[in-house]
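Inspection log for the structure reproduced underneath, given as structure tokens.
Any read-out appearing in this document is the output of simple, stated calculations on the displayed coordinates, not a laboratory observation. All figures in this text were calculated on a predicted structure; none of them were measured in a lab. Reconstructed Cβ throughout: ideal geometry from the backbone, glycine too, with neighbour counts over all protein chains shown.
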Amino acid sequence: MAGPQQQAPWRVTMFGGGRGAASIARRLLATPGTALTLLINGYDNGLSTGALRRYLPGMLGPSDFRKNLLLHLDAGDPRLVLLERRLPGGATPADLGRLIDELAAAGPGMEPIVRDLKVFAARLAARPDGLDLADCALGNLVLAGAYLRLDRDFNAAVRACAEMFGSPVALENVTGGENAYLAAVKADGTLLADEADIVAPQSAEPITGLFLLREPITGPLTGPELARRAASITPNPRALAALRDTDLIVYGPGTPHSSLLPSYLTPGVAQAIAGSRAAAKVFVVNLRDDHDSQGLTAADLVGRTLTYLGDPGNERGTVTHVLCHGRTPPPRAGLAGARWVAADLEDERRPGTHSGARTVEALAAVRAGTSLARAG
């Protein structure tokens, strides 16, 4: 199979989450001639991220963006270590202040980080009792400081932080930055009240509905009541442009009902995909089940992707290929127009995760075959 190094330059736009598609993204970045856009949503609401969102009403969750800011850096890079550093239990605003002073004394390159941490620290000084700093990732606080500094414009904060760390990735929030909270309903009527519940251990009943809400849930609600509380969100024009003007769209691996499917609910995304010049639109199947997808087959998850993108019969060619590990046979029916491609995609050193090299090689082969078919 020809490697991607032998292909002409290409633009890749990939939907992803926190870490599910990280190995693929890193390999794409290492492939000469590749321009990569990652589309992420900000509905993460677990543990310290949820606490930070409650402390700064109106802000989306920064965690998945933080995890994708430094894909181009080696594991031991001090900037990566810094952003992933978590404050210990019992940490106080004074502790954060001392840490900021240490970073300020560390030398050149720390100025932008220090600036945004100081902005956040000033907010914390004004409201010291509003946030427990225990286990907060320092990178999340940098993003929060940028958010405050840039007049609470979440997307501007993401772009500023990506520039701050020299990221070669076009990292984009899929929406216009409006705050929203994710909830879900299972087949038996069980309500999963926020994103943290959706990714947590749960019953085997499948999730049957996803909702983006304008405020957190505080009590029991029915499906119709959830629909009435729908958040008003807009698409990020940069995300739509990336989908339209790309050579390859990848529906990346990740936690389906938190990282991926909610992004497809964004207005305008389905239309941008339908009008894209992409030669191929590839669904990459997870190598293992998440709590929210137990009992769902690859075909089920492709079907849900198509449904959330308004193309349940795949009549618009929303998914052209399904890339799966091993020798997974294609479904017998229901996915018209999608070609199933099986390959060895697993990282032998980290079972259950994708090998970036093997997956990108398979994507390049899909792209090459599709281009040849069009030319013929």
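Across every pair of different alpha-carbon atoms, what Kirkwood hydrodynamic radius in Å does the chain reach?
21.4
Are there trypsin sites (Lys or Arg not before Pro) in region 253-297 that DSSP puts in a loop and that have at most 16 other Cβ atoms within 10 Å, and which ones?
Passing both the DSSP loop test and the Cβ count: Arg277, Arg288.
What 222 nm value per residue comes from the helices of the chain, counting each DSSP H run with n ≥ 4 as -39,500 (n - 2.57) and dividing by all residues, nearest 500 deg cm²/dmol?
My calculation for the chain gives -11000 deg cm²/dmol from helical runs alone.
Using the Cα centre as the reference, give the magnitude of the dipole from point charges on the C-beta atoms of the chain (Lys, Arg: +1; Asp, Glu: -1; all else neutral), rounded to the nearest 20 debye.
820
Could you give the length gained by full extension between Glu225 and Asp245, i.e. 0.36 nm per residue of separation minus their alpha carbon distance, to one decimal place?
Net length gain for the segment: 3.4 nm.
Determine the relative contact order of the chain: mean sequence separation of Cα pairs under 8 Å and six or more apart, normalised by residue count, in whole percent.
So the answer I get is 19 percent.
What spacing in nm lies between the two simple spin-label points modelled at Ala336 and Ala196, each 7 Å away from Cα in the Cβ direction?
4.5
Can you list the residues of region 110-130 with backbone N under 15 Å from a point 7 Å past the Cα of Ala94, pointing along Cα to Cβ?
Taking a point 7 Å out along Cα→Cβ of Ala94, the residues of region 110-130 whose backbone N falls under 15 Å are 125, 128-129.
To the nearest 10 degrees, how steeply does helix 111-126 sit against the main Cα axis of the chain, on a 0 to 90 scale?
Helix 111-126 sits at roughly 60 degrees to that axis.
For region 238-247, in order, what is each residue's ³J(HN,Hα) by Karplus, 6.51 cos²θ - 1.76 cosθ + 1.60 with θ = phi - 60°, in whole Hz (x at glycine and Pro)?
5, 5, 5, 5, 5, 5, 6, 10, 8, 8
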